[in-house]
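Novice: Below is one structure. I have some questions about it.
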Amino acid sequence: LLVDKVLKLSMFENKVMEMNVEWFDLEEVVREVVRSMRLQLEKYQAIVDIKVSGDAHIRGDRLHLVSVVYNLLDNALKYGKAAPQIQIELVEQADKLLLRFADNGIGIPAAYQDKVFEKFFRVPHGDTHTAKGYGLGLSYVSQVIKNHGGKISMHSEDGKGTEFFIELPKTSS
């Protein structure tokens with residue numbers, strides 16, 4: 001959590017993201033993050049289902065991609081309903097890797113969906129924000145994916161959950 005915050009702050013202060021590119025297994029990263037969040041998952045009575053199809057090895061910055069997985073999983077917990085169900089899917093397609101996060105949480109109203117990747121944006125929830133944050137997580141996630149030459153998109157229905165779709169080239173510069 002501390003590393004995640006430091007990475008975000010340094011990136012936004014310097015306006016440059018330093019990348020340490022290496023070969024690694026993104027499936028291993030996903031499972032490592034899920035294991036590290038075990039206590040939080042138990043607290044929320046969350047169920048995480050991980051599916052992998054093909055080879056999940058990728059060339060990229062491992063630390064930043066750990067932080068991407070952490071942010072998306074953390075959001076699924078923070079904005080989940082009782083006993084959240086979270087699906088994480090990795091699919092190899094030729095020279096790219098698809099990463100899908102889906103949850104059954106509160107969703108994002110259509111009016112705000114085009115703003116979720118903007119820095120400091122938080123979906124308004126009346127006078128109260130039960131989830132703590134500064135609106136940097138998804139902006140950071142988007143920037144990391146772009147710096148890897150990838151794409152990120154989302155689909156959400158208010159009250160029915162959110163899906164994030166990430167496409168990463170297997171070899172990033």
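Novice: Of the listed pairs Lys78/Lys146; Lys96/Lys146; Lys78/Lys160; Lys115/Lys160, which have alpha-carbon separations greater than 21 Å here?
Specialist: Numbers: Lys78/Lys146 25 Å; Lys96/Lys146 14 Å; Lys78/Lys160 15 Å; Lys115/Lys160 19 Å.
Among Lys78/Lys146; Lys96/Lys146; Lys78/Lys160; Lys115/Lys160, the Cα-Cα distance tops 21 Å for Lys78/Lys146.
Novice: How large is Rg over Rh for the range 16-173, taking Rg from the Cα atoms and Rh as the Kirkwood inverse mean of 1/r across Cα pairs? Write out the running numbers ahead of the final one.
Specialist: Working: Rg = 15.1 Å, Rh = 15.9 Å.
So for the range 16-173, dividing Rg by the Kirkwood Rh gives 0.95.
Novice: How much accessible area per residue does the range 55-106 have, in Å², with a 1.4 Å probe? Each step should come with its number before you reach the end.
Specialist: On the way: 1920 Å² over 52 residues.
Computed with neighbouring chains in place, this is 37 Å² per residue.
Novice: Report the semi-axes of the equivalent ellipsoid for the range 51-112 in whole Å, largest first, where each axis is √(5λ) for an eigenvalue λ of the Cα gyration tensor.
Specialist: Working: eigenvalues 122, 36, 27 Å².
With the √(5λ) rule applied to the range 51-112, the semi-axes are 25, 13, 12 Å.
Novice: Oh, and also: In whole angstrom, note down how far apart the Cα centers of the range 15-32 and the range 91-120 are.
Specialist: About 19 Å separates the Cα centre of the range 15-32 from the one of the range 91-120.
Novice: Please work out the FRET efficiency for the pair Lys115 and Ser53, using the Cβ-Cβ distance as r and a Förster radius of 45 Å; give the result to the nearest 0.05.
Specialist: 0.90
The values are calculated or read from the model by the stated rules, or taken from the named source; none is laboratory data. Since the structure is predicted, the reported quantities are computational estimates derived from the model, not experimental observations. Reconstructed Cβ throughout: ideal geometry from the backbone, glycine too, with neighbour counts over all protein chains shown. Keep in mind that these areas ignore ligands, DNA and RNA; they rest on the heavy atoms of the full protein, side chains included. Shrake-Rupley method; radii C 1.70, N 1.55, O 1.52, S 1.80 Å.
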